[in-house]
Amino acid sequence: MQQERTNSNVIENPVPWPNGARCAVAFTFDVDSDSEFQHMNRDTAANNVSTLSWLRYDRVAVPRIVKLYERYNLKQTFFVPGWTAEKYPELVECIVGGGHEIAHHGYLHERPNAMTPDEEEYWFRRATDALVKTTGVRPRGYRSPFYGFSKHTADLLAQEGFTYDSSLMGDDVPYLIRSKSGELIELPVDWSMDDWPQYVINPDLDFTMQPQSPDRAMEVFQAQFDAAWNYGGLWVTVWHPFVSGRLARLARVEKLIEYMMQKGQVWFATLDEISAYTRKLIDDGSWTPNSEQLPQYTGVIPELRSDALTEGRQSQ
């Protein structure tokens, strides 16, 4: 039976989470390393040694995060670009060895909505092949680099047999995204759940925001968790090992995990597990999610087409 919640009508259709859980929690990390920097700075990346060292801190942070999860018996999801998996196979081995899920995150952290459909398909399949080669398992989940989900991405994911995406931001609980080629479970995220706005300062990446203290950053993430717990939501982070895997920040992440465990009635799960559970609810008819047909638009909206603007000015 679904637990009674405070102001339960805030989410009109809360998920009946397993074992009486009040919310589902997934601490996901995007293991980009220097893939993005190499892609965006092809000719100059090699000479930016300091920034490369910052991004390659994943070699220190990923084992540290895996050990943290082991202390609390957590299995979680890591999104890994195909190039990162090929360049740093020891990181993949560490993640898989800890029993965690590896999901698709592009090849060189390229932005799909800046490409032609053929280019998007090429890099997507190259990344899939890299992950299969390094893990022995075909990924079932995807997160678009830069949240750059294009109007072609949903079709591509369905055609390639993926079961879920975690790039979009259209709900507080899982929902369905449909395209002409099929449907997937969307496990939504939000910029407020990303560690980038909280911590990142790097002139080489054109980010010069004032970094927050770990306590200040965790105020945001914990507030989101408390709301998810109260209302039956889904809580998914978009964190990066070279950012949140730093000593003080990860120590504060551990305190957040302890807070959640002490609060109780929390389902910690991989995104693959959450997706599979959601699919089961849908298939047996015990819960019906919201859904969205993609793409929402195929081009310029009619009101902004040049002919419409011309006609509008002439009629004034």
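The values are calculated or read from the model by the stated rules, or taken from the named source; none is laboratory data. Fair warning: this is a prediction, and the values are worked out from it, not measured in the lab. Cβ atoms come from the backbone with ideal geometry, glycine included; neighbour counts cover every protein chain shown.
Structural remarks
- Flag for T51 being in contact with a helix residue (DSSP H, G or I) (Cβ under 9 Å, 6 or more places away or on another chain), more than 23 Å from Y142 (Cβ to Cβ), surrounded by 15 or more Cβ atoms within 10 Å (Cβ to Cβ) and polar (S, T, N, Q): yes
- Test result for S179, among the hydroxyl-bearing types (S, T, Y), surrounded by 19 or more Cβ atoms within 10 Å (Cβ to Cβ) and closer than 17 Å to A103 by Cβ: no
- Within region 248-257, the set of residues being out of contact with any Asp or Glu (no Cβ under 8 Å at 6 or more places or on another chain), free of Cβ contacts under 8 Å to residues at least 40 places away in the same chain and farther than 23 Å from S166 by Cα comprises A248, A251, K255.
- Residue within region 120-134 that is more than 21 Å from L271 (Cα to Cα), at pLDDT 95 or above and touching a Leu at 6+ places or on another chain (Cβ under 7 Å) present: yes
A quick yes/no check of all residues on (1) hydrophobic (A, V, I, L, M, F, W, C); (2) over 29 Å from G264 (Cα atoms); (3) at pLDDT 95 or above:
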residue: N9; (1), (2), (3): no, no, no
residue: A24; (1), (2), (3): yes, no, yes
residue: S33; (1), (2), (3): no, yes, yes
residue: L68; (1), (2), (3): yes, no, yes
residue: Y72; (1), (2), (3): no, no, yes
residue: E93; (1), (2), (3): no, yes, yes
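- Being under 20 Å from S213 (Cβ atoms), under 23 Å from the mean Cα position of the chain (by Cα) and aliphatic (A, V, I, L, M) holds for only one residue in A227, A276, A269, A251, and it is A251.
- Scanning region 11-22 for residues that are at pLDDT below 95 and charged (D, E, K, R) returns a single hit, E12.
- D195 being touching a His at 6+ places or on another chain (Cβ under 9 Å) and at pLDDT 95 or above: yes
- In region 239-289, counting only helices (runs of 4 or more DSSP H) that sit wholly within it, the ones holding 1 or more residues that are of a type in the set (K, R) and more than 30 Å from T51 (Cα to Cα) span 247-263, 271-283.
To keep it simple, each residue is scored yes or no on (1) over 19 Å from K75 (Cβ atoms); (2) part of a helix (DSSP H, G or I); (3) in contact (Cβ under 8 Å) with a residue 40 or more places away in the chain.
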{"position": "D118", "(1), (2), (3)": "yes, yes, no"}
{"position": "Y122", "(1), (2), (3)": "yes, yes, no"}
{"position": "L131", "(1), (2), (3)": "no, yes, yes"}
{"position": "P139", "(1), (2), (3)": "no, no, no"}
{"position": "F149", "(1), (2), (3)": "yes, no, no"}
{"position": "A154", "(1), (2), (3)": "yes, yes, yes"}
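- Test result for D215, outside any strand (DSSP E or B), of a type in the set (D, E, K, R), surrounded by 14 or more Cβ atoms within 10 Å (Cβ to Cβ) and at pLDDT 95 or above: no
- Positions within region 192-212 being over 20 Å from the mean Cα position of the chain (by Cα) and either without any contact (Cβ under 8 Å) to a residue 60 or more places away in the chain or not in a helix (DSSP H, G or I) (or both), in sequence order: I201, N202, P203, D206, F207, T208, M209, Q210, P211, Q212
- Scan of region 164-183 for residues that are of a type outside the set (G, A, S) and either on the phi > 0 side of the Ramachandran plot or within 15 Å of the chain's Cα centre (by Cα) (or both), ordered by number: Y164, D165, L168, M169, D171, D172, V173, P174, Y175
- Near pairs, Cβ below 9 angstrom, 6+ apart or cross-chain, from region 219-247 (in contact (Cβ under 8 Å) with a residue 24 or more places away in the chain and surrounded by fewer than 19 Cβ atoms within 10 Å (Cβ to Cβ)) to any residue that is assigned to a loop (DSSP other than H, G, I, E, B) and basic (K, R): N230/R5; N230/R22
- When restricted to residues that are over 18 Å from A26 (Cβ atoms), assigned to a strand (DSSP E or B) and of a type outside the set (A, V, I, L, M, F, W, C), region 176-190 contains 4.
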